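Down below is the structure, laid out as structure tokens.
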Amino acid sequence: MRITVNVNGEDRTREVEPRHLLVRFLRDDLELTGTHWGCDTSNCGTCVVLMDGEPVKSCTVLAVMAAGHEIRTVEDLADGDRLDPVQQGFIEQHGLQCGFCTPGMMLTGRALLDRNPDPSDQEIREAISGQLCRCTGYLNIVRSIQWAAREQAAVAAPEAPATATATGGRA
Ligand code: FES
Ligand code: FES
């Protein structure tokens, strides 16, 4: 079958078999190997990508099911040399060790912050609950996403007038 999938903002067309998995389409056909492939049984969640903005396990999605949809992979997180706050958060808070689960974790974090810019600890844990990390114990992953939320909020906040600081709020 001939399918066209919008991947990271670009339409990509390929001939695929009906049984071809999205994770294979991304890794083998498009050479986007940032999407990892761990278990093939829908357990580990390392293969998570965003489909129309929502995290999906790409080993459980057929490539043909992604036709006409927008897929976002970890390769699209950074804007040139500028890392996404979630990526920066994983650096700042040591959110990875071996890094195998990290692309999927970061994409889930991105999707969460897009719909909820100020998630609670519990909401972050629920968001990543379908993904396994065998290294970090999850605490630093949660902290990484919290760091990204604070960073986004700080960047979005209007700068306080200099006079407010200098005069205790009076101009
Ligand atoms: S590879 Fe493990 S859930 Fe997809
Ligand atoms: S950092 Fe190794 S599996 Fe998560």
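The values are calculated or read from the model by the stated rules, or taken from the named source; none is laboratory data. If you're wondering where the values come from, they're calculated on a predicted model, not measured in any experiment. FYI the Cβ positions are ideal-geometry reconstructions off the backbone, even for glycines, and counts take in every protein chain you see.
Let me spell it out: the conditions are (1) buried (at least 20 other Cβ atoms within 10 Å of the Cβ); (2) more than 14 Å from the chain's Cα centre (by Cα); (3) closer than 14 Å to residue 48 by Cβ, and residue 147 meets all of them except one. Which number is the exception?
The failed condition is (3).
Can you tell me which of (1) within 16 Å of ligand 1 (Cβ to nearest atom); (2) in contact with a strand residue (DSSP E or B) (Cβ under 9 Å, 6 or more places away or on another chain); (3) not aromatic (Phe, Trp, Tyr) is the one residue 3 doesn't meet?
It is condition (1) that residue 3 fails.
Check the stretch 27-50 and report whether any residue there is more than 30 Å from residue 134 (Cβ to Cβ) and either in contact with a helix residue (DSSP H, G or I) (Cβ under 9 Å, 6 or more places away or on another chain) or not assigned by TED's automatic domain parsing to the domain that holds residue 108 (or both).
Scanning the stretch 27-50, I find no residue that is more than 30 Å from residue 134 (Cβ to Cβ) and either in contact with a helix residue (DSSP H, G or I) (Cβ under 9 Å, 6 or more places away or on another chain) or not assigned by TED's automatic domain parsing to the domain that holds residue 108 (or both), so the answer is no.
I'd like to verify a number: residues in the stretch 113-124 that are part of a helix (DSSP H, G or I) and surrounded by 15 or more Cβ atoms within 10 Å (Cβ to Cβ), how many?
2
Considering each residue of the stretch 56-90, count those that are surrounded by 23 or more Cβ atoms within 10 Å (Cβ to Cβ), under 13 Å from the mean Cα position of the chain (by Cα) and more than 19 Å from residue 131 (Cα to Cα), and give that number.
Of the residues in that region, 1 qualify.
Go through (1) on the phi < 0 side of the Ramachandran plot; (2) not assigned by TED's automatic domain parsing to the domain that holds residue 106 and name the single condition residue 92 misses.
(2)
Rundown of residues vs (1) closer than 27 Å to residue 57 by Cα; (2) of a type in the set (Ser, Thr, Tyr); (3) at pLDDT 95 or above, yes/no style:
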position	(1), (2), (3)
90	yes, no, yes
99	yes, no, yes
105	yes, no, yes
116	yes, no, yes
130	yes, no, yes
141	yes, no, yes
147	yes, no, yes
151	no, no, yes
164	no, no, no
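Yes or no: residue 74 at pLDDT 95 or above, away from ligand 1 (no atom under 15 Å from the Cβ) and in contact with a helix residue (DSSP H, G or I) (Cβ under 6 Å, 6 or more places away or on another chain)?
no
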